[in-house]
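One structure below.
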Amino acid sequence: MEGLAGWLARRRTGQGRPTLTALGKPGSGYSAENLVISARWEDGTAEKLVLRRDTAEPPIYPAQSAHTTTGVVLQHSVMEALRRADHVPVADSLGLESDSQVLGAPFFVMRHVDGDVPGESPPYTVGGFFVDASPDQRSQLVSEGLKMLARVHLTPLDDPGLEALRTPDVSHGSERQLEVWELSLRRGLRGRSSPLVENCLAWLHDQLPPPAPLVLSWGDARPGNMIWQDFSVACITDFEGAALGPRELDVGWWLMFDRWMHEGSDAPRLSGEPDRAQQRAHYEQAAGMSIGNTTWYEIFAALRFATTVVHVMNRWVARGVLPEDNLIWRDNPATVVLADLFDAVMA
């Protein structure tokens, strides 16, 4: 903690050197290391902070070009763009450090935001504050989340914080995202494959949607990447999947995740929860436009989800947690959702 304390003291001149106490590691993500810290300054003030630092392992999300990564430098830049747009809540930043000499890897520090977070394990649809809520509160959470997603899509694309996403000589959109994610999947599979993967990729190429207006695509839009206070969004998080693409990329991901939290988790839809058609309508109302059919984007979202699982399993093999010949890369919740969606469209 000494290196971080010195860094904070240099950032916050006049308050002295803080005494730092680690409080725990929140969340279950794989894109960065998060640590909640109590900071007590020499002037008597105290606050709770979050350190987010790059991992030493290969990234889970694919970079949008050879000139950038998905690490904390990009994530912080996207957060800065969202702050400047001033239409969605993100955590206050105490600064970014790109020099690995300070803590062994690039990192940034932000203020902690208290609230409830819908979990994945167990799914928030089977236990926790969402299940304990009233039908009206559950309806409010889903509709407010989709309103927040629509606001993310208002972010000006010429903001300097998004420069790394504006790849020169590249036509951004669905075709580009399919190219980026297929390359990431092939690299992660290392020569392995399955009929499901090959059939889905062939279908996605064959059924590619026409070009659509670009927005800042969040990349991982879901209730669990929002911090909730009284069923309103207090903060949005996690931008390692950010890209330039049609708004349907995020809507498809949101709806795919909803499927995982319900059908994929054997969790019936609770009273007050809007179904997926109603959720599309909620987004359209918030965005002030129609988005039409999202089937292609939901299947692509499930393929992206399966791609992240492949890379996580590769990490576990490298750590010695799993044997090299494991089949979890092929048979997992992501591929179950992918198979269900693909079977439905082929029926």
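The values are calculated or read from the model by the stated rules, or taken from the named source; none is laboratory data. Being a predicted model, the structure only gives us computed values, none of them experimental. We place every Cβ from the backbone using ideal geometry, glycine too, and count neighbours over all the protein chains shown. Keep in mind that these areas ignore ligands, DNA and RNA; they rest on the heavy atoms of the full protein, side chains included. Shrake-Rupley method; radii C 1.70, N 1.55, O 1.52, S 1.80 Å.
A few comments on the model shown:
- Carbon-plus-sulfur accessible fraction, segment 72-128 (probe radius 1.4 Å, protein heavy atoms only): 44%.
- The relative contact order of the chain, computed from alpha carbon pairs under 8 Å that lie at least 6 residues apart in sequence, is 17 percent.
- Accessible area expressed per residue, the chain, with surrounding protein chains retained (probe 1.4 Å, Å²): 45 Å²
- Extension gain, Thr21 to Ala281: 0.36 nm times the residue separation minus the Cα-Cα distance gives 89.0 nm.
- Charge tally around Ala81: other residues with Cβ under 11 Å, Lys/Arg +1 each, Asp/Glu -1 each, net -3.
- Under 5 Å between amide hydrogens, built in the peptide plane, is the criterion, and for Glu97 it picks out Phe107, Phe108 among residues at least 5 positions away or on other chains.
- In this rough spin-label picture, where each label sits 7 Å from Cα along the Cβ direction, the Gln229-Asn199 distance is 4.9 nm.
- Segment 284-291 - phi-based ³J(HN,Hα) in whole Hz, Karplus 6.51/-1.76/1.60, Gly and Pro as x: 4, 5, 5, 7, x, 7, 8, 10
- Report summary: the helix-based calculation at 222 nm, which adds -39500 (n - 2.57) for every DSSP H run with n ≥ 4 and divides by the residues of the chain, gives -13000 deg cm²/dmol.
- For segment 64-207: rounded, prolate or oblate by the Cα gyration tensor [a/c cutoff 1.5]: oblate
- J(HN,Hα) series, segment 317-328, from Karplus relation 6.51 cos²θ - 1.76 cosθ + 1.60, nearest Hz, glycine and proline x: 5, 4, 7, x, 7, 10, x, 4, 8, 5, 10, 5
- Long-range HN-HN contacts of Ser217 with modeled amide H, under 5 Å: Ala243, Leu244, Gly245
- Karplus-based coupling profile of segment 111-117, in residue order and whole Hz: 6, 6, 10, 6, x, 9, 10, with θ = phi - 60° in 6.51 cos²θ - 1.76 cosθ + 1.60 and x standing for Gly or Pro.
- Alpha-carbon gyration tensor eigenvalues x 5, square-rooted, for segment 40-82, Å: 30, 13, 7
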